[in-house]
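See structure below.
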Amino acid sequence: MKHPGLEKLTTEQKIGRLFFIGISGSELDANTIRLLETVRPGGVCLFARNIKEAGQTRELLDSIRSLLGYEPFLSLDQEGGTVDRLRRIVEPMPAAGSIRSVEDAAQHASIIAQTVRMLGFNLNFAPVVDVATEERQAFSNGLRSRTFGSNADEVTTLAGAFLRTLQAGGCIGCLKHFPGLGGAQVDSHEDLPQVNISEEALYNVELLPYRELFAAGDVKMVMVAHAAFPGLRLQETAQNGRLLPSSLSRAVVHDLLRVEMGFNGIAITDDLEMGAILKGFGIADACRMAVQAGEDMLAICASSDAILAGHAAVSEAFHNGMIELEILDTAVSRIETIRSDIQPVPEFDPLVIEEMSAQVSALKSRLN
């Protein structure tokens, strides 16, 4: 069903909504303003390079809102542990892997929600629901300590408590990395992982957290991994002869995530500037292929040149008929539906940040 807001958007505005971009600095300089005005993205993700202190972060996010004239998704990756974008602002947060109870998972999410909402964010790329069993924890895939629990049931229970509490606190969550990176033996930041699992493991391990959390109605956004699954029927081969990453695969995004699993929220790629993508596909082809696969949003998190090249490629693909209007409208309808649920940003109060630091310290003491 098409969102009524579609009628107010031009084709170029719709194309812009597909992009979830990073920016270079801690304030809006002339180049960043030009980038935002050109793309008019659906989302902006901040990283440690953008986040110096609380007041500056809130001012930066408020400036983005004001410049664009609408409320985009404003996100970060705030998992805790090794992925902690707020360590300059708040007491460093514990890793998901250190959490063993529903109560602690909920407390962790509550702290994150209150902190990021006060800073002006409305979305957090968390929780990780990859399943890292004891055997898999030896793999060098960049997931060590980032996952909840050591089996699919624990991951589902703890990540579910985290997600529900995060969203009850006014911050949208995003499950990652579909359909599952737990069995990867290399980091997709560096190269394309080949996840060697059986069909049985796919359905009974990797997909279990998604299946259970989808059924509970809690999931608004899913991030799709850059990974290949050579032992599975769904694995496709690209025209260049390479194994097609799951993030660019219609068999994964449309057939598995949408049709088979019934997910109708936002599907977003992992960062398309990762080695898993750039070593086999240019940014332009990757963006076009991702949209054709059924992705709603395209994450490009660093290079303004890459963002502009991807944006131009999708625009060209639409205008030459390679991307149909129905595909574009379906994606933007999902984006606008969830974006319309974003709650107003609270009035800035630095004392809340101080209180959250104290709560982080208390949580870490309890976990230890």
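Where a number appears in this text, it was derived from the coordinates with a stated rule and is not lab data. Please read these numbers as outputs of a predicted model, since none were measured by experiment. Ideal geometry is used to build each Cβ from the backbone, glycine not excepted, and the neighbour counts take in all protein chains shown.
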Of K8/K279; K52/K176; K14/K364; K176/K279; K52/K364, which sit over 32 Å apart, Cα to Cα? K8/K279; K14/K364
Would you work out which of L175, Q114, P230 lies farthest towards the positive end of the dipole of the chain, given +1 charges on the beta-carbon of Lys and Arg and -1 on that of Asp and Glu, about the Cα centre? Q114
Per-q log10 I(q)/I(0), the chain, q = 0.09, 0.11 Å⁻¹ (Debye; single scatterer per alpha-carbon; no solvent): -0.46, -0.70
Spelling it out for E79: with amide H atoms placed in the peptide plane at 1.01 Å from N, the residues 5 or more places away or on another chain with amide H under 5 Å from its amide H are R85
In segment 278-368, the trypsin sites (Lys or Arg not before Pro) that fall in loop regions by DSSP, at most 16 other Cβ within 10 Å: K279
What are the residues whose amide H is under 5 Å from the amide H of A302, where those residues sit 5 or more places off or on another chain and H is modelled from the backbone? G22
Taking the convex hull of the alpha-carbon atoms of segment 156-213 and averaging its shadow over every direction gives an area in square nanometres of 4.6
In order over segment 34-40: 3J(HN,Hα) from phi, Karplus 6.51/-1.76/1.60, θ = phi - 60°, whole Hz, x for each Gly or Pro, gives 5, 4, 5, 5, 6, 7, 6
How big is the dipole moment of the chain about its Cα centre under a simple scheme where the beta carbon of each Lys and Arg is +1, that of each Asp and Glu is -1, and everything else is neutral? Debye, nearest 20, please. 180
In whole Hz and in residue order, list the ³J(HN,Hα) couplings for segment 86-101 that follow from phi through the Karplus curve 6.51 cos²θ - 1.76 cosθ + 1.60, θ = phi - 60°; x for Gly and Pro. 9, 5, 6, 10, 10, 3, x, 8, x, 6, 4, x, 8, 9, 10, 10
Calculate one ³J(HN,Hα) per residue across segment 215-221 by plugging θ = phi - 60° into the Karplus curve 6.51 cos²θ - 1.76 cosθ + 1.60, and present them in order as whole Hz with x for glycine and proline. 4, 6, x, 8, 9, 9, 8
With a ≥ b ≥ c the root eigenvalues of the C-alpha gyration tensor of segment 38-168, is it rounded (a/c under 1.5), prolate (a/b larger than b/c) or oblate? prolate
Using amide H atoms built in the peptide plane, which far-off residues or other-chain residues are under 5 Å from Q185 H to H? Q194
Rounded to one decimal in Å, the inverse mean reciprocal Cα-Cα distance for segment 1-70, i.e. its Kirkwood radius, is 13.0
Which percent, nearest 5, of DSSP beta bridges in the chain are antiparallel? 10
